Structures are given as C-alpha cells and as structure tokens.
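Below is one structure; the comments refer to it alone.
The values are calculated or read from the model by the stated rules, or taken from the named source; none is laboratory data. It should be emphasised that the depicted structure is a prediction, and the values quoted were computed from it without experimental measurement. Cβ: placed from backbone, ideal geometry, glycine included. Neighbour counts: every protein chain shown. Calculation scope for accessible area: heavy atoms of the full protein, side chains included, ligands and nucleic acids excluded. Shrake-Rupley method; radii C 1.70, N 1.55, O 1.52, S 1.80 Å.
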Amino acid sequence: MRVAMVYDFQDVRIEERPIPAISPQEVLVQMRACGICSSDVMDWYIRRKAPLVLGHEPAGVIVEVGAEVEGFRVGDRVFIHHHAPCMQCRDCRRGNHTLCETWRNSQLDPGGLAEFVRVPAINLQHDTLLLPPTLSFAEGTLVEPVGCVVKAMQRAGVQAGDIVLVIGLGFMGQLNVLLAKAYGAGLVLAADLVPYRLEKAIQMGADWTIDVSRESLEEVVAAYTEGVMADRVIVGPGTLPAMESGIRCVGKGGTVLFFTPTPPDSRLEIDPYTLYFREVTLTSSYSCGPPHTREALSWLEKGMIPADQLITHRFPLEETPQAVQRVAEGGEVLKALIVFDH
Ligand SMILES: [Zn+2]
Ligand SMILES: [Zn+2]
C-alpha cells in the first residue's frame, strides 16, 4: 500500500509499505479521506516528530475485523481517532484525556495518510465512531478538528452573551467563530489579515471582522465593545505577538485561551499585577478526547458545520506533497483533504 511519509518540514514522500496485520482485538480500515492539519505544516513541531506517516483527521471503511472485536463489522464507515485514552488513570478520571500516558503513546498504524490503517484495540474501544449514513467521509474527517474546537469552547468557558474574540482565521479559527456562536456568544469579533478569511468569518457568523494589517486590534476591540474588551479570547497562531495581543484584548474577569503551542524555548512576558486585579485567566487547549469527538459528531449530524464552505481543496494521495505545500502557503485555503480512490 502507499503512505505519505514526512521527513522534514515540507519534505513529504509517497512510499510503499506492507498492509499492517491486525490482532484479534483490532480492525483494519481502508482510508477514504483524511485532512491536512495546520500542525502538519508547523516546522518545529514536524521536525520533532519526523519521520512519520502524516494524517490525524481520518475517515474510512472497516475491511477486516479481528475475531474478538465486538460492536464493529466489515463495511462500517468510521472516524478513527489517532490517540485514545485508557479511561482509568487519574488524568482520565479528572476528564483530562489528552494528558493520559496511554493517550500520548497510542497511535494509528501507520497514520491517516495511508491506504490502510490498523486500529489498535484502545483506539477502537475508546475513540472510533460510526459515521451516520447522512455524513460523507469528507465530513467524517472534520470530527477531530471540530472536537478540538469543542474542547476549546469548554476550556475557555464560552457561554451565552459572551463577547468572544477569535485571532487567526484559518480553518480552526473559522470553526472557533462558528462554535462560539453555537455556544451562545452574544458578539463574535474575528481578526486576521487575509481578506478572503475575513469574508469567510462573516459567513461563519462573526459579527465584525478586524483586518490587523491596517487596524490596531486593541483599539478596534475597544471600539466595538465600548471599552469592555473580550470575555473570551481564542488565540489561534502559536506566536508570542498573537498571544500578547490576545492578552491586551481581554476584559475584566475574562479568559485568554492559547489554541496552538509555541516552540518549547519561547518565553512570554506577562504583567501579573494587571492579570491579578483584572482577574484574567490564561489557559490552553491541547487536542481533544472522547467526549469532544462525540459532541463534534453530533454538531456535524445536526448540519451545523458547513463542510462545503470549509473544505476548500482536495488532492489524491500521490499529491500529498502539493497539498502540504498549499496549506503551508496560507492565504485562500482553509481545509485541504486527501481523498482516496480505491
Ligand atoms: Zn490537528
Ligand atoms: Zn488515562
């Protein structure tokens, strides 16, 4: 079978590998579609993990079932999560599934950008979801990224009437706008410097957009909120300037959520005096666990996620290098999918 291996930032090669053999507790999935994530084109992040088979937004069909597997059959259309928690450790019991050692160490074999994927027992039991017949495989690839945004909404504490500021309007930023509205936000402000992405954010439900290439984010947020500033700030880019401007835009009692990591050696200067007296919370949201993928699937099932408007590019597996390059270029691209023609 063919796989897409990444060796370095933007160095992706199509290679041949044997189809993985499954054990009695596992299944084999024939891949139908898999998204390219912005973390797949984050240079320092990829260099730390490479070499590996890319792809953690997969959807496909079960083609082989181990003798001891219950609850899944050949022909089932599924979303499979690349990491799955043990559901028993202290972190899992506290709802922190992505901090679980098992979650961190579990993985699909070899990864979503392969013609066939072996699903280990833990992934099958705890985070493999049947796709309803109304959902396409393309929509199935959105379960994982939507799950990450569900978790971010919950960790940021977005609630009815909130003023929410979303900084960075790539695919994940668009989903943050969409779900902030779905979670009841009263006013959603969306900031980026690409006109195409600003227009998309309006379609996703943003009340106002801010073009940070020609406006001061802080001043415009102050103007739209009559000086109140934002209750929840979702910082998309994993950069210090974006985080700093997010902190400048949060209001009293508000929360700033870092959606993307910085490289490990970054240091953010904070002003504890102001954070203290304004009772500001700084938090983060890393990936997602089983409760979030299930909620994501239900949003998709309800038709709340306009996949047609969010999936802007489709490539066959052999063009994965071009797909990765296109996502890395940014601009007029949101979600790029790899689609398999078996
Ligand atoms: Zn991702
Ligand atoms: Zn655990």
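Numbers for the structure displayed
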{"quantity": "Mean residue ellipticity (222 nm) of the chain, computed from DSSP H runs ≥ 4 via -39,500 (n - 2.57), nearest 500", "calculated": "-8500 deg cm²/dmol"}
{"quantity": "The range 149-284: radius of gyration over Cα atoms, expressed as a fraction of 2.2 N^0.38 Å", "calculated": "0.94"}
{"quantity": "Exposure ranking of 211, 43, 265, 109 by accessible area [1.4 Å probe, largest first]", "calculated": "265, 43, 109, 211"}
{"quantity": "Residues whose placed amide H lies under 5 Å from that of residue 131, excluding near-sequence neighbours", "calculated": "77, 78, 79"}
{"quantity": "Environment charge at residue 59 (Cβ cut-off 12 Å; Lys +1, Arg +1, Asp -1, Glu -1)", "calculated": "-2"}
{"quantity": "Where trypsin sites (Lys or Arg not before Pro) fall in DSSP loop in the range 85-145, at most 11 other Cβ within 10 Å", "calculated": "94"}
{"quantity": "Within the chain, longest stretch clear of exposed GluC sites (Glu not before Pro) (DSSP loop, no more than 12 other Cβ within 10 Å)", "calculated": "71-225"}
{"quantity": "Heavy-atom accessible area ranking, 1.4 Å probe, most first, across 274, 293, 262", "calculated": "274, 262, 293"}
{"quantity": "Residue 213 paired with residue 134, simple spin-label distance in nm, labels 7 Å along Cα-to-beta-carbon", "calculated": "3.9 nm"}
{"quantity": "Amide H contacts of residue 340 (H built 1.01 Å from N, under 5 Å, at least 5 apart or other chain)", "calculated": "33"}
{"quantity": "Cleavage-rule hits, trypsin sites (Lys or Arg not before Pro), the range 276-306, DSSP coil, Cβ neighbours within 10 Å at most 11", "calculated": "302"}
{"quantity": "Centroid-to-centroid separation of the range 135-173 and the range 44-117 [C-alpha atoms, Å]", "calculated": "20 Å"}
